[in-house]
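K.L.:
Encoded as structure tokens, here's the structure I'll be asking about.
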Amino acid sequence: MGYTIAEKIIKAHLLEGEMVKGTDIALKIDQTLTQDATGTMAYLEFEAMGVPRVKTERSVAYIDHNTLQTGFENADDHRFIQSVCKKHGIYFSRPGNGICHQVHLERFSKPGKTLIGSDSHTPTGGGIGMLAMGAGGLDVAVAMGGGAYHITMPEMVRVNLTGKLSPWVSAKDIILEVLRLLSVKGGVGKIIEYGGEGVKTLTVPERATITNMGAELGATTSIFPSDEITKSFLEAQGRVEDWAELSADADAVYDKVVDIDLSALVPMAACPHSPDNIKTIEEIGNKEIHQVCIGSCTNSSYLDMMRVAAILKGKTVHPGVSLSIAPGSKQVFNMLAQNGALADMIAAGARILECACGPCIGMGQSPNSQGISLRTFNRNFEGRSGTADGQIYLVSPETAAASALTGVFTDPRTLGEAVDIKLPEKFLINDNMIVEPATVEEMDSVEVLRGPNIKPFPTTEPMKENIEASVALKVGDNITTDHIMPAGAKILPLRSNIPAISQHCFTVCDKEFPERAKALGSSIIVGGVNYGQGSSREHAALAPLYLGVKAVLVKSFARIHRANLINAGILPLEFANEADYDELALGNEIVMPDVRDIITKGGDVIIENKTTGKTIVAKCELTQRMKDIILAGGLLNYTKEQNNG
Ligand code: MIC
Ligand code: SF4
């Protein structure tokens, strides 16, 4: 029996376990990346492990999220990260160098290697044939220290691409189609592998748009083969020696196959407030719009930007629309500046932003009240834009640019002959914004700079015999990490201060939650399906931990968030019988007798509702390692125990 692409990489990196679906496997990690919004925590955790120098082949820290700098906090964090990197052997990509996933793809990605990043869109690297996964900061810290990354061996889904995209239809429309077919929970526990003749029609940045937004499927990761097209991309990046061929065996076995005829696709949009709420632009009709934002790690490549510039050239942005553009990296930005495309964008009236995440994470450019905003981004969760009633639609750069000119939803196919933009034979290569770490001889003399906003992360205790708690919150299905721990310009600066940031925990759903949870002292959260979808931010576990949350009881979890809860020492429980969701209400007092013993031995957790007298059964499927982490009170305690023992 042959292997899929992902299985080949897993096989070559397997440290523990066997490639049996649904079981725990431990992988050797070749590369790591962090960004600044999760990075400060990750490096504090790395420091706490006491490993002097990273043990990976390449670890890179990017500054791209918290670049608004409305106070000293972010600048302090940046200096902290820069100094930690210098000391411990990590490459540092300075603010201004671009969005982590775009820069990593350009400068560091390598087919066949493993990468984990403290950002859920790390699978962007799958576009070049890496096994690239999003993880919590603590998992990244462990990997930097040479530890394995543990995942559940996923199922394999093959997306078979045939035909060729029609003019004006874009890679974004392919992933929107996959989201339409599979939904935001369709990828949970799965790796999505792309294959078929249609793959040859897509460049590496286009493939990366698709694997990037595979995060919205809830997938462990997504991956493309590494072929001649991959080779020419690496050649153009001056890194052909990093190329390796990679393809699935002809007799590889997949758990599911999805066929997509590229020639049948049309321009689409993900409508408010979910990336899988798909309609065609034609179906939406001539609806008026107010804002267009082009950029983010999904659609900010040279190809995307050049297509946008060609559409805008010689025209003016509609007076009812604010258009902002953020190129993905300094490389892209500089190339646009040199070839005149930037001038075309400026002349048309675009508001040019620095190459960073910006509006994608609510750092500026919030739309007007009830404003309709077309964005080339990957998430349109409620409130994420910074405007509570903003209506965000996710579209391709072509649809975005066409609509910016007309002021209404516009199918780019109405623009006439399509622009034909090719990848350059040579990208502009200048790594002057990447700071190398100190040498082994110099590292001891590097001082780590800490600002006053950097507070230690919450300490945890080993798990107690019984859990006695109250229901502090009850929420519905598809709760995102943006609900649990909102981001945006006001809250992101608090990422290195858990006591302060936890005051905003769940306030999107319930303003009273932080105070209530704190007053209760010991509480649980009750939720529906796909709880914790979205980001990798471990703050969505650390803030509840700080507020006294001991367990989260839901119908089902998203992968990274479940791992983050375990890493924080919070018990992830699933209803054995989903109907029991109705048996719990806000304020109910519960007890889980002998829970420590049950976790140790395995088996269902019994929850007695003292308020109603009813008993609920919860599943808690944990591997031995996860049990040990939970019993120790989190991954940091567990790692310290391991290092001392
Ligand atoms: C996001 O897109 O939600 C973020 C901001 O990049 C997060 C990371 C974070 O919250 O810092 C992600 O996707 O993991
Ligand atoms: Fe940044 Fe947005 Fe990408 Fe997250 S999704 S890494 S915020 S550009």
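The values are calculated or read from the model by the stated rules, or taken from the named source; none is laboratory data. Note that this is a predicted model, so its numbers are computed, not measured. Please note: Cβ atoms are built from the backbone with ideal geometry, for glycine as well, and neighbour counts cover all protein chains shown. Ligands, DNA and RNA are stripped out before the accessible areas are found, and what is left, the full protein with its side chains, is counted by its heavy atoms. Shrake-Rupley method; radii C 1.70, N 1.55, O 1.52, S 1.80 Å.
K.L.:
Quick one: check the C-alpha center-to-center distance for region 125-161 versus region 44-109, whole angstrom.
P.N.:
Cα centroid of region 125-161 versus Cα centroid of region 44-109: 19 Å apart.
K.L.:
Further, regarding this structure: With r defined as the distance between the Cβ atoms of GLU354 and VAL20 and R0 fixed at 45 Å, what FRET efficiency is calculated, to the nearest 0.05?
P.N.:
Approximately 0.45, to the nearest 0.05.
K.L.:
Could you calculate the contour length gain from THR414 to THR623, that is, 0.36 nm times the residue separation minus the distance between their Cα atoms, to one decimal place in nm?
P.N.:
69.8 nm
K.L.:
Applying 1/(1 + (r/R0)^6) with R0 = 45 Å to the Cβ-Cβ distance of ASN577 and ASP249, what FRET efficiency is obtained, to the nearest 0.05? Walk me through the numbers on the way to the answer.
P.N.:
Working: r = 41 Å, r/R0 = 0.92.
In this case the efficiency is close to 0.60.
K.L.:
With each pseudo-label sitting 7 Å past Cα toward Cβ, what's the THR611-ASN339 distance in nm, one decimal?
P.N.:
With each label placed 7 Å out from Cα toward Cβ, I get 6.1 nm.
K.L.:
Can you pull a Stokes-Einstein diffusion coefficient for region 203-360 at 25 °C (0.890 mPa s), Rh from Kirkwood over Cα pairs, as a whole number of µm²/s? List each step's numbers first, then the result.
P.N.:
Numbers: Rh = 18.2 Å.
The calculation lands on 135 µm²/s.
K.L.:
What is the projected area of the convex hull of the Cα atoms of region 359-500, averaged over all directions, in nm²?
P.N.:
Averaging across all directions leaves 17.2 nm² for the Cα convex hull.
K.L.:
Separate question: What's the ranking of 21-29, 480-488, 191-199 by average number of surrounding C-beta atoms within 10 Å, highest first? Mind showing how you got there, number by number?
P.N.:
On the way: 21-29: 17.3, 480-488: 25.0, 191-199: 22.2.
For the peptides 21-29, 480-488, 191-199, the packing ranking is 480-488, 191-199, 21-29.
K.L.:
Gain in length, LYS315 to SER522, computed as 0.36 nm per residue apart minus the alpha-carbon separation, to one decimal in nm? Before the final figure, lay out each step's value.
P.N.:
On the way: separation 207, 0.36 × 207 = 74.52 nm, distance 5.95 nm.
Roughly 68.6 nm would be gained on extension.
K.L.:
Cut-off under 18 Å on the C-alpha distance; same-chain residues fewer than 8 positions from LYS87 excluded. Which lysines are left, in chain and number order?
P.N.:
In chain and number order, the partners are LYS55.
K.L.:
Next question. Work out how much length ILE598 to THR70 would gain on full extension: take 0.36 nm times their residue separation and subtract the Cα-Cα distance, in nm to one decimal. If you can, show how the numbers build up before the last one.
P.N.:
Details: separation 528, 0.36 × 528 = 190.08 nm, distance 4.81 nm.
That pair, ILE598 and THR70, stretches by 185.3 nm at full extension.
K.L.:
On a straight-distance basis, which lysines could pair with LYS313 in a cross-link, Cα separation under 30 angstrom, same-chain partners fewer than 8 positions away excluded?
P.N.:
LYS164, LYS172, LYS200, LYS279, LYS287, LYS330, LYS422, LYS426
K.L.:
Hey, which lysines would be in cross-link range of LYS110, C-alpha to C-alpha under 16 Å, not counting anything within fewer than 8 residues on its own chain?
P.N.:
LYS8, LYS28, LYS231
K.L.:
In region 149-228, if every C-alpha pair distance is counted and binned at 10 Å from zero, what percent goes to each bin?
P.N.:
18, 54, 24, 3, 0
K.L.:
Measuring from centroid to centroid over Cα atoms, what is the spacing of region 304-362 and region 166-235 in Å?
P.N.:
24
K.L.:
In a shell of Cβ-Cβ distance under 13 Å around PHE233, excluding PHE233 itself, what net charge do Lys and Arg (+1) and Asp and Glu (-1) give?
P.N.:
Here the charged neighbours net out to 0.
K.L.:
Now for a separate question. To the nearest 500 deg cm²/dmol, what mean residue ellipticity at 222 nm is calculated for the chain from DSSP H runs of n ≥ 4 alone, each contributing -39,500 (n - 2.57), summed and divided by the residues? Intermediate results must be reported in sequence, preceding the final value.
P.N.:
Working: 22 runs with 193 residues, N = 645.
Estimated from H runs of four or more residues: -8500 deg cm²/dmol.
K.L.:
Right, here's the next one. Ignoring any ligand, DNA or RNA, what whole percent of the accessible area of the chain comes from carbon and sulfur when the probe is 1.4 angstrom?
P.N.:
Working: 10870 of 22350 Å².
Heavy-atom surface of the chain belonging to carbon and sulfur, 1.4 Å probe: 49 percent.
K.L.:
May I pose another question? Accessible area per residue of the chain at 1.4 Å probe, in Å²?
P.N.:
Numbers: 22350 Å² over 645 residues.
Averaged over the residues of the chain, the accessible area is 35 Å².
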